[in-house]
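> Sharing a structure, written as structure tokens. Questions coming.
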Amino acid sequence: MKVLLATDGSDQSMKAVQWTVDNLGDKAKVTLFAVAPFAQDLLAEMPPNIQQKLENEAKSSLDKAKAAFDAKNVAVETALAVGMVPANNIIDKAQDGGFDMIVMGSTGIGGLKRAMMGSTASKVVSQTPCSVTIIR
């Protein structure tokens, strides 16, 4: 089974990382995937190295997630994309890579809408061609 594990370094995504290590780590081929926001065109007036900083933050989230796999001696691949809408990158990666499952964290928003998923998770669930596991 091929698993795409989307991570952004947040607490919710790290829960998804730990769930995957514990439940699928030695049973699946896991690819950690992070998306760095694309900002060069939108932030033309920002410092020229802002895009590199965004990509470094995404790489850092991959390194953080990979450390959880390394701690259990479980092999994992990593992949980084740059894009405006992370859900689109996740969906495209799942389709292009022939993944069987996507695992990702859910972003809670509190109040009466507490049970709803974040916009990225919701879009992935509704538009992806494979199974999706959302970890709260």
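> If the only charges are +1 at each Lys and Arg Cβ and -1 at each Asp and Glu Cβ, what is the size of the charge dipole of the chain around the Cα centre, to the nearest 20 debye?
The calculated dipole for the chain is roughly 460 debye.
> Multiplying the sequence separation of ASP96 and ASP26 by 0.36 nm and subtracting their Cα-Cα distance, what value in nm do you get?
22.9 nm
> Also, quick follow-up: Specify which residue in the list PHE99, ASN89, ILE134 is farthest towards the positive end of the charge dipole of the chain, using unit charges on the beta carbon of Lys, Arg (+1) and Asp, Glu (-1), about the Cα centre.
The residue sitting farthest along the positive end of the dipole is ILE134.
> May I ask for the net charge around THR78, where only other residues with Cβ less than 15 Å from the Cβ of THR78 are counted and Lys, Arg are +1 while Asp, Glu are -1?
Every neighbour counted, the sum reads 0.
> With each label point set 7 Å from Cα along the Cα-Cβ vector, what nm distance links ARG136 and ALA71?
So the two model labels end up 2.4 nm from each other.
> Right, next: Could you pull out every one of the lysines with an alpha carbon less than 21 Å from that of LYS59, ignoring same-chain neighbours closer than 8 positions?
Those lysines meeting the cut-off are LYS15, LYS29, LYS72, LYS93.
> Also: Can you tell me which of 64-74, 8-18 comes out highest on packing, and rank the rest after it, using the mean Cβ neighbours within 10 Å?
Those peptides, ordered most packed to least, come out 8-18, 64-74.
FYI, it's all coordinate maths here, none of it is from the lab. Values in this document were obtained by computation on a predicted structure and should not be read as measured data. Methodologically, a virtual Cβ is constructed for each residue, glycine included, from the backbone with ideal geometry; neighbour enumeration extends over all protein chains shown.
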